[in-house]
Amino acid sequence: GVNVIEAGFPAASEGDFKAVQLVAKNIKHSTVAALARASQADIARAWEAVKIAAHPRIHTFIATSDIHLKYKLKMTREEVLENAINAVKYAASLTDDVEFSAEDGSRSDRDFLCKVFEAAIDAGAKTVNLPDTVGYAVPEEFAELVAYVMKNTPNIDKAILSVHCHNDLGLATANTLAAIKEGARQVEVTINGLGEREGTTSLEEV
């Protein structure tokens, strides 16, 4: 009975692509989402995999923290903002259900984070996702960040704010519950807390 099933990352491998396509073909009641980096090639591949779904979604992401910009992306804030806008616009030209994630959101500059979310919503994102990518937030801090985003993203009423918490320090469920209390309306969870790296929030605990 979950609203959305993120079936995989079609650009990652042929196996992932086929798996997402099979899920998209067989799931009728839930939205089926495919993950894509903020690149046209990834988004096109994601759409190819989910376009047969009864309710398809494209979920595109780019990092927004200065540490990721410097060492991983080697991009400026302006370049990241432009990439995010272009990615969401392209995804929105394929489907009206687009989710945008600011990777490493919990370590990003708050005002830049709000600026990127505002631009993504303007570009067509119906859901904006705030991940605690490295699992380093504590509940009070994460709740405060969610409240800040809700208050300082001018068009946040036009989108659903989502959270995606990692369990490196065993706080994924606590951080998720703290976020719901401050206005998050979608939570990204996994069965038994399984998921990338050390796992993400556990569906059954939440």
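The values are calculated or read from the model by the stated rules, or taken from the named source; none is laboratory data. Remember, it's a predicted structure, so these values are computed and weren't measured experimentally. As a convention, Cβ positions derive from the backbone with ideal geometry for all residues, glycine included, and neighbour counts pool all protein chains shown. Heads up: the accessible areas ignore ligands, DNA and RNA and are worked out on the full protein's heavy atoms, side chains in. Shrake-Rupley method; radii C 1.70, N 1.55, O 1.52, S 1.80 Å.
For the range 147-195, enumerate the residues that are under 21 Å from THR31 (Cα atoms) and out of contact with any strand residue (DSSP E or B) (no Cβ under 7 Å at 6 or more places or on another chain).
Passing the criteria: LYS158, ILE191, LEU194, GLY195.
Please work out which one of (1) in contact with a Phe, Trp or Tyr (Cβ under 9 Å, 6 or more places away or on another chain); (2) open to solvent by 50 Å² or more (accessible area, probe 1.4 Å); (3) of a type in the set (A, V, I, L, M, F, W, C) is the condition PHE117 fails and give its number.
(2)
Tell me, yes or no, whether the range 145-152 has at least one residue that is open to solvent by 60 Å² or more (accessible area, probe 1.4 Å) and hydroxyl-bearing (Ser, Thr, Tyr).
yes
Scan the range 95-115 and report the pairs whose first residue is free of Cβ contacts under 8 Å to residues at least 24 places away in the same chain and whose second residue is part of a strand (DSSP E or B) and open to solvent by 30 Å² or more (accessible area, probe 1.4 Å), with Cβ atoms within less than 9 Å and a gap of 6+ or a chain change.
Taking only residues 6 or more apart or on different chains, not a single pair turns up.
Would you check which residues across the range 23-38 are closer than 15 Å to ASN83 by Cα and open to solvent by 40 Å² or more (accessible area, probe 1.4 Å) and list them?
Selection gives ARG37 alone.
Just to verify a result, which residue in the range 76-102, among those that are open to solvent by less than 70 Å² (accessible area, probe 1.4 Å) and either of a type in the set (Asp, Glu) or at pLDDT below 95 (or both), is nearest to THR31 (Cα to Cα)?
So, considering only residues that are open to solvent by less than 70 Å² (accessible area, probe 1.4 Å) and either of a type in the set (Asp, Glu) or at pLDDT below 95 (or both), the one nearest to THR31 (Cα to Cα) is ASP97.
Got at least one residue in the range 1-22 being in contact with a Pro (Cβ under 8 Å, 6 or more places away or on another chain), within 23 Å of SER106 (Cα to Cα) and buried (at least 18 other Cβ atoms within 10 Å of the Cβ)?
The answer is no; no qualifying residue exists.
Go through the residues of the range 51-62 one by one and say whether even a single one is out of contact with any helix residue (DSSP H, G or I) (no Cβ under 8 Å at 6 or more places or on another chain), hydrophobic (A, V, I, L, M, F, W, C) and surrounded by fewer than 19 Cβ atoms within 10 Å (Cβ to Cβ).
Within the range 51-62 (the criterion being out of contact with any helix residue (DSSP H, G or I) (no Cβ under 8 Å at 6 or more places or on another chain), hydrophobic (A, V, I, L, M, F, W, C) and surrounded by fewer than 19 Cβ atoms within 10 Å (Cβ to Cβ)), the answer is yes, since at least one residue qualifies.
Only one of these is within 29 Å of VAL50 (Cα to Cα), at pLDDT below 95 and crowded, with 17+ Cβ neighbours inside 10 Å: GLY124, GLY193, GLY105. Name it. Spell out the reasoning first.
On the way: GLY124 fails: at pLDDT below 95; GLY105 fails: at pLDDT below 95.
The conditions single out GLY193.
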